[in-house]
Structure formats: structure tokens, C-alpha cells
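K.L.:
Here's a structure for you.
The values are calculated or read from the model by the stated rules, or taken from the named source; none is laboratory data. Please read these numbers as outputs of a predicted model, since none were measured by experiment. Note that each Cβ is placed from the backbone with ideal geometry, even for glycine, and that neighbours are counted across all protein chains shown.
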Amino acid sequence: EKGGYDHFMLKEIYEQPSAIEDTYRGRMLVKEGIIKMSGIDDHLERFLNANRIIIVACGTSWHAGLVAEYIFEDLARIPVEVEYASEFRYRNPVIGKGDVLIAISQSGETADTMAAIKLAKENGAFVFGVCNVVGSSISRITDAGAYTHAGPEIGVASTKAFTTQITLLTLIALKLGKEKGSISKSDFYLYLQEMDLIPSKIEKALEANKHIIEVANHYKNSRNCLYLGRGYNFPVALEGALKLKEISYIHAEGYPAAEMKHGPIALIDEEMPVVVIATRKGHYEKVVSNVQEIKSRKGKIIAIVTEGDEQVSKVADHVIEVPDTFEALTPLLTTIPLQLLSYHIAVMLGKNVDQPRNLAKSVTVE
Ligand code: M6R
């Protein structure tokens, strides 16, 4: 059942190329140059006329929501707010007719996300669900939705659910962007073509596995770890840190790279590994200077870079390459090495990777 892999988590990491294909198959028609999604097509006006989109979710799904915020604002020019479902439901939010709420949930059973949906509906908002589990509670109580089609995710640590959520939300943003004219037709086609290359680029990113095992071996005894990223890769930093803490029990924090100098830089010394996402697209020069700041304080740098990178590679202690892609699609690639890194560290520490202590696959209580 684990398909020859030692753990479900590893199997699910390796399933990402095909899972992502399953997400866009039949929806993204590259030759025709269209995106077909009945859940959006049937309610197009709601989305196009939305005052704003509010995304609610928990954990990893919340991180996918943060990536979506960048993509929606960038491509579709619709204002987006991303909220923890648990906070949204208890803070008397200003929401009503004309707002669209997108709820993201792998399991479709998360109690806080369900409660947020109910609250939004009571206030007249239109609710769209992004779920993986077909027929789940959330998919039944939403006004419309789309499934990620990632297949069953058994490992408690979410992996393929995350990248397929991002894929699906990117398709929605592209579709809305095209309808609104906020993205040109030619750029839209280029995005479809590039999205179609993502599965093979993930295959490529997975080839770093052996090298990542060596990196994991170096840092497995660390007490803390910092993850930094900017722009589209800031949520990836948060996700990398969550993955590490949840399965290896090493304390980890994700930060927007530029926030470092507002506090966390005080933590940096030779004992502190810092994982920096420094792909060539998107604030590259700024991240390079953040990397230098860490280096001058003797921090240990593990950099996720674009293939062929020279600048960061000169300074970093370890470099993990991912293929080049459009900036908006980089999270789909940069996430991969971070998943593998936490997986290998947890295995080396002898932790129960698929069922970490104190955690359940779906959190059906608040
Ligand atoms: O099923 P959901 O997507 O609603 O679950 C949300 C979180 O409980 C979940 O992502 C959790 O954070 C994972 N264990 C993270 O790997």
C-alpha cells in the first residue's frame, strides 16, 4: 500500500508530479488555450464582481491560501484576505453579500473551517470550497467548489494536498485574470504552457533527494531552524517550518526574509541553520543581501536556488537546486526540497513520520 516507499509521506511527496497533473487534467486545455472549471464557470459573475475574496483555512491549507493571495492579486487583481479559520469564526468579521469566501481543506472535515463557512453563509457571502476528499462535509456545505483530485493523503504531514491546492487556485486566478483582462491573452497562454511543464520540473527537483539526505544528516541534531522567503516564497518558508516541527519536533520558524532584522536576527549564531528560498525570480538581489547578513553572523545557510545559480551558491553552506519557472509558480518547486529535508531529518531521528505525536489527520474538534 506504500508502493515500495518506507512511509506514506515519502510516497505522497513522490506522487506530486502525477497528482498535479490530475488536478489540471480536463480543466486546463493547453492547445485550446482555455481553463474549464464548472464550479467557476457556473458562478463567474460572483467572482468577477466580488468586492474581495476571503480565504479561510488551517495549517498547511492556510499556507496554500497565502500563496493564492499573491497569485489572485497579481493575476486577477482582486483584493484577497487570508484568515485562520479559527480566528475568523470568533472575531465578528465584516463580511456579506458581494464577498466570496474560499475555504481550503484537504480533508473537508476541519471543524474551524466548517464553522467559518457557516458564519460566512449566514452573512450572505458566496462560499467556494477547495477540498481533496470527495463528498466530505465541507464539499457538501459550500455553494460551489472544485476538488484537488490529489488522491488519498494518508501521512499526517500534508504534502501533495498543498501543491495541488496551489495548482487549483492558480487555475482559478488565471481564469479570472483572463476574464477580467488583467492578464493578457498571450501571458495566459504562456502560463498554461508553463503549468504543463511543472510535473516534469518537480521530477527534476526530486532528483536532489540524495543530496538532501546529506544536508539532513548535517542538521538533524539542531535545536532550532529558521526558514526565510519573500513574496511568493514567504508562505513556502512558513510551510517548510511547519513540516519540520510537526514531524521532527525540532523548533522551526518561518519568516519573511526582510523581517529578520526586526527581531529574529538576534537568534543567529553558528548553531542556527537558516533555510533560505532564493530563486532567481522575485526579490533575488534582496534575498542575496539577507543571506549575506546571516553569513556575517556565522549562521549556517541552506539555500534553495534556481538551477545554475552562482551568487547565493558562493555564500551558502549548502545549495539545493530547483528548475527555473515563472515567479508565480515557484512555490510548486521550492516546496519539494523542504518536504524532503524534513522527512529525512525525522526519519534519521527515528520519529513516527506518518503519525506524529499529538496530531490527527483531520482536526474535527476545535
Ligand atoms: O484537512 P485540512 O486541510 O483542513 O487540514 C488543515 C490542517 O489541519 C493541516 O494542514 C495540518 O496543518 C497538517 N498536519 C500540516 O501538515
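K.L.:
Looking at Y232, is it aromatic (F, W, Y), modelled with pLDDT of 95 or more and crowded, with 24+ Cβ neighbours inside 10 Å?
P.N.:
It is true that Y232 is aromatic (F, W, Y), modelled with pLDDT of 95 or more and crowded, with 24+ Cβ neighbours inside 10 Å.
K.L.:
Follow-up. Considering only the stretch 198-209, state which residues are assigned to a helix (DSSP H, G or I) and surrounded by 14 or more Cβ atoms within 10 Å (Cβ to Cβ).
P.N.:
Passing the criteria: I198, P199, K201, I202, E203, K204, A205, L206, N209.
K.L.:
Is it the case that A258 is of a type outside the set (S, T, Y) and within 16 Å of the ligand (Cβ to nearest atom)?
P.N.:
Taking the combined requirement at face value, the residue does not satisfy it.
K.L.:
Can you tell me which residue among I13, I55, I95 is farther than 30 Å from A360 by Cα and in contact with a helix residue (DSSP H, G or I) (Cβ under 9 Å, 6 or more places away or on another chain)? Spell out how you get there, then give the answer.
P.N.:
Working: I13 fails: farther than 30 Å from A360 by Cα; I55 fails: farther than 30 Å from A360 by Cα.
Going through I13, I55, I95 in turn, just one is farther than 30 Å from A360 by Cα and in contact with a helix residue (DSSP H, G or I) (Cβ under 9 Å, 6 or more places away or on another chain): I95.
So that you can scan it fast, the table gives a plain yes or no per residue for (1) closer than 13 Å to H149 by Cα; (2) assigned to a helix (DSSP H, G or I); (3) at pLDDT below 95:
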residue: L10; (1), (2), (3): no, yes, no
residue: A19; (1), (2), (3): yes, yes, no
residue: D22; (1), (2), (3): yes, yes, no
residue: G26; (1), (2), (3): yes, no, no
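K.L.:
Are any residues in the stretch 70-100 in contact (Cβ under 8 Å) with a residue 40 or more places away in the chain and within 14 Å of A173 (Cα to Cα), and if so, which ones?
P.N.:
We begin by selecting, within the stretch 70-100, every residue in contact (Cβ under 8 Å) with a residue 40 or more places away in the chain; these are 70-72, 74-78, 86, 95, 98-100.
The answer is Y70, I71, F72, D74, L75, A76, R77, I78, V100.
K.L.:
Since I247 meets every condition but one in (1) surrounded by 22 or more Cβ atoms within 10 Å (Cβ to Cβ); (2) within 24 Å of S313 (Cβ to Cβ), which condition does it not meet?
P.N.:
Only one criterion in (1) surrounded by 22 or more Cβ atoms within 10 Å (Cβ to Cβ); (2) within 24 Å of S313 (Cβ to Cβ) is unmet by I247, namely (2).
K.L.:
Scanning the stretch 153-181 for residues that are basic (K, R) and buried (at least 24 other Cβ atoms within 10 Å of the Cβ), which turns out nearest to the ligand (Cβ to nearest atom)?
P.N.:
Here the answer is K160.
K.L.:
While we're here: Report, by residue number, each residue of the stretch 311-366 that is away from the ligand (no atom under 15 Å from the Cβ), of a type in the set (G, A, S) and not in a loop (DSSP other than H, G, I, E, B).
P.N.:
S313, A328
K.L.:
Oh, and also: Is it the case that V305 is in a strand (DSSP E or B) and of a type in the set (V, I, T)?
P.N.:
Yes, satisfied.
K.L.:
Would you mind listing the helices (runs of 4 or more DSSP H) fully within the stretch 33-73 where at least 2 residues are of a type in the set (V, I, T), within 21 Å of E153 (Cα to Cα) and within 16 Å of the ligand (Cβ to nearest atom)?
P.N.:
It comes to 59-71.
K.L.:
If I ask for residues that are closer than 19 Å to V130 by Cα, buried (at least 18 other Cβ atoms within 10 Å of the Cβ) and more than 16 Å from the ligand (Cβ to nearest atom), which ones from the stretch 76-109 would you list?
P.N.:
A76, I78, V80, D99, V100
K.L.:
Does A150 satisfy the criteria of being buried (at least 24 other Cβ atoms within 10 Å of the Cβ) and within 15 Å of the ligand (Cβ to nearest atom)?
P.N.:
Spelling it out, A150 is indeed buried (at least 24 other Cβ atoms within 10 Å of the Cβ) and within 15 Å of the ligand (Cβ to nearest atom).
K.L.:
Filter the stretch 110-127 down to the residues that are among the small types (G, A, S) and crowded, with 17+ Cβ neighbours inside 10 Å, then identify the one that is farthest from the ligand (Cβ to nearest atom). Give the derivation first.
P.N.:
Here is the first cut: in the stretch 110-127, the residues among the small types (G, A, S) are 111, 115-116, 120, 124-125.
Then drop every residue that is not crowded, with 17+ Cβ neighbours inside 10 Å, which leaves 111, 115-116, 120, 125.
Values: A111: 9, A115: 12, A116: 11, A120: 16, A125: 19 Å.
Restricting to residues being among the small types (G, A, S) and crowded, with 17+ Cβ neighbours inside 10 Å, the top hit is A125.
K.L.:
Kindly indicate which of A252, A266 is in a helix (DSSP H, G or I) and small (G, A, S).
P.N.:
Within the list A252, A266, the selection yields A266.
K.L.:
Of the residues that make up the stretch 14-26, is at least one surrounded by 17 or more Cβ atoms within 10 Å (Cβ to Cβ) and polar (S, T, N, Q)?
P.N.:
Yes, the stretch 14-26 has at least one match.
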